[in-house]
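Below is one structure, written out as structure tokens, with a few remarks after it.
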């Protein structure tokens, strides 16, 4: 999943902060956000969770979900159309 997350970070640069957390090293953070399965993708807006995807998924699915959560993008190509 790392290559997919890396590509999302590149494609959504300037629109969203995309990153990873090593839950074996950050157990309290994982527990605080109810992460019990890996991979789990948690989407936040303004510090609050707005969506979650549990389990392996594709770049296309994650990109579409992120694009939908961000809303329309003006003046540039939409990375969700990849």
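Fewest-first ordering of 62, 69 by other beta carbons within 10 Å of each residue's beta carbon gives 69, 62. Between helix 2-11 and the chain there is an angle of about 40 degrees, using the helix long axis and the longest principal axis of the Cα atoms. First check a/c for the chain, with a ≥ b ≥ c the square roots of the eigenvalues of its C-alpha gyration tensor; if it is under 1.5, answer rounded, and if not, answer prolate when a/b is larger than b/c or oblate otherwise. Prolate, because a/c is 1.5 or more and a/b exceeds b/c.
The ranking of 4, 10 by Cβ neighbour count inside 10 Å, starting from the fewest, reads 10, 4.
The value of relative contact order for the stretch 2-66, using C-alpha pairs under 8 Å at least six residues apart, is 25 percent. When the chain is treated as a GNM with alpha-carbon contacts under 10 Å, the residue of 61, 22, 11 showing the greatest mean-square fluctuation is 22.
None of the figures in this text is laboratory data; all of them are computed from the coordinates on show. Small disclaimer: the values here were computed from a predicted structure and weren't measured. Methodologically, a virtual Cβ is constructed for each residue, glycine included, from the backbone with ideal geometry; neighbour enumeration extends over all protein chains shown.
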